[in-house]
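What follows is calculated from the coordinates using simple rules that are stated; it is not laboratory data. Please read all numbers here as calculations on a predicted model, not as lab measurements. Backbone-built Cβ (ideal geometry, glycine too); neighbour counts: all protein chains shown.
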């Protein structure tokens, strides 16, 4: 049961790498590293496919509205004890410049998830660089 998890998800690293500008924000890559204790709810494997942790979902929860899912990180197959350094990186995501709050949830094989408010981290998204630039020196 989600409320009984010994959720030890901790975002140890949250990195944002700026890219090209798009729409109301700019493209970035979000990299996370987290820790989780699988001793209560083991990770799924090829032989264990129910009652297990399937993945970790990463959300942008900035502003307190509806969480925006950015990407998922698979749980290490068959893990049954505390694991540190579970890492994942998103594809390009559009984020506005400024301080963002990110959250990690643990998702069971049946789709139930822990609360996004249980494990959060903040990071500052830098604005993208100008699309073009020229200078004249006389």
Check your understanding: What is the order of 100, 28, fewest Cβ neighbours within 10 Å to most?
Key -> 100, 28
Review point. If contacts are Cα pairs under 8 angstrom and at least 6 residues apart, what is the relative contact order of segment 35-84 in percent?
Key: 49 percent
